[in-house]
Amino acid sequence: MKNIILMGPPGAGKGTNAKRITSFYKIPHISTGDMFREAIKNKTPLGELANSYMSKGLLVPDEVTIGLVKERLSKDDCKDGYLLDGFPRTLVQAEALTKLSEEINRPITSVINIIVPEDILIDRICGRRVCKVCGAPYHVRNLKPKVEGVCDLCGGELVQRKDDNEETLKSRLEEYHKQTEPLIAYYNKLGVVTDVDGTKDLDLLLEDIKTILKD
Ligand code: AMP
């Protein structure tokens, strides 16, 4: 069974690689960031709350985030595996996930840790564009769409995420180093972490990940 966590700092390529991995293995891609952005788009109370943290580059409170993931993981489509992207981000979340994933009999089998040097992260985040409709990621230089400003996949408009600017990125990186990076040690103790090189060509990286997830 493939119960996977994709970890790495903002800009490591979690979303991009998550989409490629989940379309290969046909398992659901669970991105807490995407769930919060959807709630913001729909102007729900959860969206309003999440936005007040996200716009400052801060983490949304644990109890809210854990509740959301708990509900999502209990859905039927997760019964043959799942990939978490952007969760857990704190020790409290990781501990809750350990408990929850065991309760539903789908314990974490692999943590893929994407490594990318900080100067590349900054360039990736500041040049990132995303499709307003389907969320597909692009970059102004490294991953251009066929037609400028238009999504190759669905024709939607490409926009810059509100939190993809140098100022907010600083807080996001600080949050990552302080709260999320220590989780690597937590999962290392469970013997499930493998580092991958996030600067590699995406097809080569997918091959590396498939080798890691083979059994
Ligand atoms: P992402 O799309 O994963 O880069 O997440 C964007 C933003 O959503 C983060 O900077 C946080 O504000 C919020 N967020 C996403 N996942 C979590 C999480 N697991 N815990 C707390 N906040 C989160």
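Test Thr65 against the stated conditions and say whether it is in contact (Cβ under 8 Å) with a residue 12 or more places away in the chain, open to solvent by less than 30 Å² (accessible area, probe 1.4 Å) and more than 29 Å from Lys26 (Cβ to Cβ).
no
If we keep just the residues of the range 14-25 that are within 13 Å of the ligand (Cβ to nearest atom) and modelled with pLDDT of 95 or more, which is most open to solvent (accessible area, probe 1.4 Å)?
Among those that are within 13 Å of the ligand (Cβ to nearest atom) and modelled with pLDDT of 95 or more, it is Lys14.
Looking only at the range 4-25, count how many residues are among the hydrophobic types (A, V, I, L, M, F, W, C), in a helix (DSSP H, G or I) and under 24 Å from Leu91 (Cβ atoms). Steps first, please.
Here is the first cut: in the range 4-25, the residues among the hydrophobic types (A, V, I, L, M, F, W, C) are 4-7, 12, 18, 21, 24.
Subset that is in a helix (DSSP H, G or I): 18, 21, 24.
Narrowing the set further to residues that are under 24 Å from Leu91 (Cβ atoms) leaves 18.
Qualifying residue count, the range 4-25: 1.
Can you go through Leu183, Leu190, Leu204, Leu213 and tell me which one is within 20 Å of Ile30 (Cβ to Cβ) and open to solvent by 90 Å² or more (accessible area, probe 1.4 Å)?
Leu190
Can you give me the number of residues within the range 184-196 that are within 16 Å of the ligand (Cβ to nearest atom) and either farther than 28 Å from Leu213 by Cβ or in contact with a strand residue (DSSP E or B) (Cβ under 7 Å, 6 or more places away or on another chain) (or both)?
Of the residues in that region, 2 qualify.
Could you please tell me which pairs satisfy a Cβ distance under 8 Å, a separation of 6+ or placement on different chains, a first residue in the range 155-180 that is free of Cβ contacts under 8 Å to residues at least 60 places away in the same chain, and a second residue that is among the hydroxyl-bearing types (Ser, Thr, Tyr)?
Sorted first by the residue in the range 155-180, then by its partner, the pairs are Leu158/Tyr138.
Quick one: is Lys70 of a type outside the set (Val, Ile, Thr), surrounded by fewer than 17 Cβ atoms within 10 Å (Cβ to Cβ), without any contact (Cβ under 8 Å) to a residue 40 or more places away in the chain and not in a helix (DSSP H, G or I)? Can you show your working first?
Details: of a type outside the set (Val, Ile, Thr): yes; surrounded by fewer than 17 Cβ atoms within 10 Å (Cβ to Cβ): yes; without any contact (Cβ under 8 Å) to a residue 40 or more places away in the chain: yes; not in a helix (DSSP H, G or I): no.
In short, no.
Of the residues Arg124, Arg161, which single one is open to solvent by 40 Å² or more (accessible area, probe 1.4 Å), outside any helix (DSSP H, G or I) and touching a strand residue (DSSP E or B) at 6+ places or on another chain (Cβ under 7 Å)? Write out each step before concluding.
Working: Arg124 fails: outside any helix (DSSP H, G or I).
Of the residues listed, the single one that is open to solvent by 40 Å² or more (accessible area, probe 1.4 Å), outside any helix (DSSP H, G or I) and touching a strand residue (DSSP E or B) at 6+ places or on another chain (Cβ under 7 Å) is Arg161.
Could you run through the range 26-61 and say how many residues are in a helix (DSSP H, G or I), open to solvent by less than 50 Å² (accessible area, probe 1.4 Å) and more than 13 Å from the ligand (Cβ to nearest atom)?
The qualifying residues number 0.
Could you check Ala94 against (1) without any contact (Cβ under 8 Å) to a residue 40 or more places away in the chain; (2) in contact with a helix residue (DSSP H, G or I) (Cβ under 8 Å, 6 or more places away or on another chain); (3) in a helix (DSSP H, G or I); (4) open to solvent by less than 60 Å² (accessible area, probe 1.4 Å) and say which number it fails?
(1)
Does Thr44 satisfy the condition of being free of Cβ contacts under 8 Å to residues at least 40 places away in the same chain, of a type outside the set (A, V, I, L, M) and more than 22 Å from Ala185 (Cα to Cα)?
yes
The values are calculated or read from the model by the stated rules, or taken from the named source; none is laboratory data. The shown structure was predicted, so the numbers you read here are calculated from the model rather than taken from an experiment. As a convention, Cβ positions derive from the backbone with ideal geometry for all residues, glycine included, and neighbour counts pool all protein chains shown. Areas reflect the complete protein model, heavy atoms only, side chains present, ligands, DNA and RNA absent. Shrake-Rupley method; radii C 1.70, N 1.55, O 1.52, S 1.80 Å.
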